[in-house]
Each structure stands twice: as structure tokens, then as C-alpha cells.
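*Asks:* The following block contains the structure, expressed as C-alpha cells.
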Amino acid sequence: MYRFLALLSTAMFATALPALAATPEDAAITDGLQMRPTISDHATSSDPSDDQNDELAMTLAPLSSAAALVSPLTRHAVGPKLQVRVDLSDQRMTVLVAGKLRYTWPVSTARPGYKTPTGFWSPYRMHVMWHSRKYDNAPMPHAIFFHEGFAIHATPYVKRLGTPASHGCVRLRGDNAALLYDLVKQYGWQTTRISIVQ
């Protein structure tokens, strides 16, 4: 839903403000790539199992063959390079690098009476060691903050992993938390997507 709204607002902005077309200066900033919103009408699809109508998507403007050779698409993948998915019902984290499954680990999320938020975020702060200001100065090694005060971090309570046990943060075994921390540092906050689902 979030992706749809973001794309819809981009489409409305592009439609409402045609005077803000890309200039040569803009092309230098974006490596010459221009995105444009499109609506694909699945109602005319010949596939009977395709029941989605009017899906909004971002597509690249056509590139000449010479431009395609030097475009960022040949250097970097579009979208997040590092995807961290937490499934609350399974109490598991899946880590994908460049779209390929790399790791699956047990986690602990919010126990009854507390809540782990669901949604999509990029990290906004990281600390090799952090101490909770809310819960008795509790240590949070390799903390990756993604939403308000919620973080992914290491825990000494490894026997509880795989079951809800936290105040809302996502807990990992120490070596897994350190590895994830290093991956986020390597790929960068901007290309890391954290998603938490029920």
C-alpha cells in the first residue's frame, strides 16, 4: 500500500507540474535516467488468473543503445540491495542481498502487552553498543534503529529466540546481529529496506 501511494503521488506530481520537466542539469544529477509513471491495465490481459486492474508502476523512459551502455542500470540494481524481512507469526528474519536469500534466523519480537510495529523502513541510526533509555539501561549491542525507538539488536536471551519475548524491538543472536550490522554498513542505509509483517 505504501509503495502504491508513493507511486501515485509521483504520478500526480508529474501530471500536475509539466513545467518541471527534466533539464540537462537534472540529467547530470540522475545520470540521464528519467522515470515516468505508467498505468498498466491488467483488465485486457489474456491471462485469466490475472485479476489486478490498473496497477500503477514506475518505468524507465526509453534509452538509446549508447545511453544504455553507460547508464546506472548497468552498474547497480534498482531498488534495495539489502532486504531484511521479519515475520512476526514465524518469529524469523530473512536477509536477502541483491535479491538472493542469504540468511534466515530466529528472532524475538514483542511479547504480549507490547507491540513490534509493522511496515517498511530504512535504518536511520546505528550503534555498536546502545543502552535503552526506556528499559533500565538495558544493553542493545549492534543496534539498527528503523522506526522511532525500535531497533534490531543482539540479545543475551538466546533461548527465547523463536518466541515473542521483547518490549517491541527485534532481537537476534549476537553473531547474527553483528553480521547484519556489518551488512547494513557495507550496503548503506539508503539501500537497505527493513520490512516487518504479521
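*Asks:* If we only count strands (runs of 3 or more DSSP E) wholly inside the range 65-173, which ones have 2 or more residues that are among the hydroxyl-bearing types (Ser, Thr, Tyr), under 25 Å from residue 190 (Cα atoms) and at pLDDT 95 or above?
*Replies:* Once the strands (runs of 3 or more DSSP E) in the range 65-173 are filtered for at least 2 residues that are among the hydroxyl-bearing types (Ser, Thr, Tyr), under 25 Å from residue 190 (Cα atoms) and at pLDDT 95 or above, what remains is 100-106.
*Asks:* May I pose another question? Can you say whether residue 122 is touching a strand residue (DSSP E or B) at 6+ places or on another chain (Cβ under 9 Å) and buried (at least 18 other Cβ atoms within 10 Å of the Cβ), as far as the supplied structure shows? I'd like the intermediate steps shown before the answer.
*Replies:* Numbers: touching a strand residue (DSSP E or B) at 6+ places or on another chain (Cβ under 9 Å): yes; buried (at least 18 other Cβ atoms within 10 Å of the Cβ): no.
Judged against the criteria, residue 122 is not a match.
*Asks:* I'm told residue 171 meets every condition in (1) among the charged types (D, E, K, R); (2) crowded, with 18+ Cβ neighbours inside 10 Å; (3) over 22 Å from the mean Cα position of the chain (by Cα) except one. Can you identify the failing condition by its number?
*Replies:* Single failed check for residue 171: (3).
*Asks:* Has the range 145-155 got any residue that is of a type in the set (S, T, N, Q) and within 14 Å of residue 194 (Cβ to Cβ)?
*Replies:* Looking through the range 145-155, none of the residues is of a type in the set (S, T, N, Q) and within 14 Å of residue 194 (Cβ to Cβ).
*Asks:* Kindly indicate whether any position in the range 142-155 is touching a residue at least 24 places away in the same chain (Cβ under 8 Å), surrounded by 15 or more Cβ atoms within 10 Å (Cβ to Cβ) and more than 24 Å from the chain's Cα centre (by Cα).
*Replies:* Among the residues of the range 142-155, not one is touching a residue at least 24 places away in the same chain (Cβ under 8 Å), surrounded by 15 or more Cβ atoms within 10 Å (Cβ to Cβ) and more than 24 Å from the chain's Cα centre (by Cα), which makes the answer no.
*Asks:* Considering only the range 174-193, state which residues are part of a helix (DSSP H, G or I) and either in contact with a Gly (Cβ under 6 Å, 6 or more places away or on another chain) or polar (S, T, N, Q) (or both). Lay out the reasoning, then the answer.
*Replies:* Restricting attention to the range 174-193, the residues satisfying the condition of being part of a helix (DSSP H, G or I) are 174-187, 189-191.
Listed by number, the residues that qualify are 176, 186, 190, 191.
The values are calculated or read from the model by the stated rules, or taken from the named source; none is laboratory data. The structure displayed is predicted, hence computed values, not measured ones. A quick note on method: Cβ atoms are made from the backbone with ideal geometry, for glycine too, and the neighbour counts reach across all protein chains shown.
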